[in-house]
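Reading through the structure tokens given below for one structure.
The values are calculated or read from the model by the stated rules, or taken from the named source; none is laboratory data. Everything numeric in this text was worked out from a predicted model, so none of it was measured. We place every Cβ from the backbone using ideal geometry, glycine too, and count neighbours over all the protein chains shown.
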């Protein structure tokens, strides 16, 4: 288990705010993701990491194969650096990045674009014209659970049914300049939802059962039209369930490397927090309140308490409800605050994984008293958000 005091001691000589990665926890999480996938290859979700050296470490593991990126400009960058299997997770209309993609055969062979309709193809043609070189594409299929008018899951794609998938695939394979090589099903309502109650567990099981049947039927229908290289699904929170489906050729995971607070509370695995950030205490406005510099690192998604960072050391601290985590100051309260003075440090966990790295130029990997500093995407001058 991570020793928070050790992390702060090892990085005491570094200026705060600073991001810390507990290397033993990171390596344990990497091994646990491999164990949970039961031999199904895992793509590294780069959005959930955003540190190239850690992405490379995971991609080199025998259980992992390929990258799942979040930006086409990022995809081109990583392909130019030698990654030859890059699946872009989201549709793109980025004109400079599309021009970069088709500029070389090496990039076109390495990168697969995500589409969710013929509209996606129209948008690409609108940027590149109709005579562009052939682009590899993957069809995003909605993996949510629909119970009558109730929609459980994220709204990623208009393609949900077998019939819709077949019709979309028919149009894609007839379209000049595109080569359909994959389908993807991201089960956010399973992978991204902690097991917080019996009702949630029941819905997750129902969704997994429904999706297993529908996914197999969609894959069979599309395989009748295209030679699929990629059938992707799952995420950190659903590797065991999704990986059991023989229709899949691969899984995806990234957040499980860092295990932010949104991945606490799953039945299938025990989260080992590996990523933290430390802030300096700069003032004491009251006996039970200590104020830290910076810290307003709010995670994306539906606004609420689950999206704010959590103070984890010293134990017994919490955010102040009337102020929360602020851009230039973050007060924390509790009995432990009585013993904090300006110059002391407080350790926090972020709610999400890679988003933390947008706030820091580097992360500091600690192993005992050893500290190795490596740049984030931001530290390499890359901003894909």
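Observations on the structure shown:
- Filter pass, residue 330 being modelled with pLDDT of 95 or more and farther than 15 Å from residue 48 by Cβ: yes
- In the range 282-291, the residues that are in contact with a helix residue (DSSP H, G or I) (Cβ under 9 Å, 6 or more places away or on another chain) and part of a strand (DSSP E or B): 284, 286, 289, 290
- Beta carbons closer than 8 Å, at least 6 apart along the sequence or on distinct chains, pair a first residue in the range 185-202 that is more than 18 Å from residue 45 (Cβ to Cβ) with a second that is at pLDDT below 85 and surrounded by 13 or more Cβ atoms within 10 Å (Cβ to Cβ) for 200/193.
- Exactly one residue out of 337, 278 is farther than 27 Å from residue 257 by Cα and crowded, with 20+ Cβ neighbours inside 10 Å: that is 337.
- Considering each residue of the range 226-233 in turn, at least one proves to be under 19 Å from residue 140 (Cβ atoms), out of contact with any strand residue (DSSP E or B) (no Cβ under 7 Å at 6 or more places or on another chain) and either outside the structural domain of residue 68 (by TED's automatic domain parsing) or surrounded by fewer than 17 Cβ atoms within 10 Å (Cβ to Cβ) (or both).
- Restricting the search to helices (runs of 4 or more DSSP H) fully inside the range 1-74 and requiring at least 2 residues that are in contact with a helix residue (DSSP H, G or I) (Cβ under 9 Å, 6 or more places away or on another chain) gives 23-37, 52-59.
- Scanning the range 146-166 for residues that are part of a strand (DSSP E or B) and out of contact with any helix residue (DSSP H, G or I) (no Cβ under 9 Å at 6 or more places or on another chain) turns up 150, 151.
- Residue selection: residue 112 fails the criterion of being surrounded by fewer than 16 Cβ atoms within 10 Å (Cβ to Cβ), over 30 Å from residue 266 (Cα atoms) and touching a strand residue (DSSP E or B) at 6+ places or on another chain (Cβ under 6 Å).
- Condition check for residue 177: surrounded by 13 or more Cβ atoms within 10 Å (Cβ to Cβ) and at positive phi: yes
- A count restricted to the range 346-356 and to residues that are assigned to a helix (DSSP H, G or I) and closer than 10 Å to residue 297 by Cα stands at 2.
- Restricting attention to the range 357-370 and to residues that are in a strand (DSSP E or B) and touching a strand residue (DSSP E or B) at 6+ places or on another chain (Cβ under 9 Å), the residue that is surrounded by the fewest Cβ atoms within 10 Å (Cβ to Cβ) turns out to be 367.
- Positions within the range 192-202 being closer than 22 Å to residue 253 by Cα and in a helix (DSSP H, G or I), in sequence order: 200, 201
- Restricting 188, 169, 143 to residues that are touching a helix residue (DSSP H, G or I) at 6+ places or on another chain (Cβ under 6 Å) and modelled with pLDDT under 95 narrows the list to 143.
- Output for the range 301-328, where each listed residue is surrounded by 15 or more Cβ atoms within 10 Å (Cβ to Cβ), assigned to a loop (DSSP other than H, G, I, E, B) and under 25 Å from the mean Cα position of the chain (by Cα): 308, 309, 324, 325, 326
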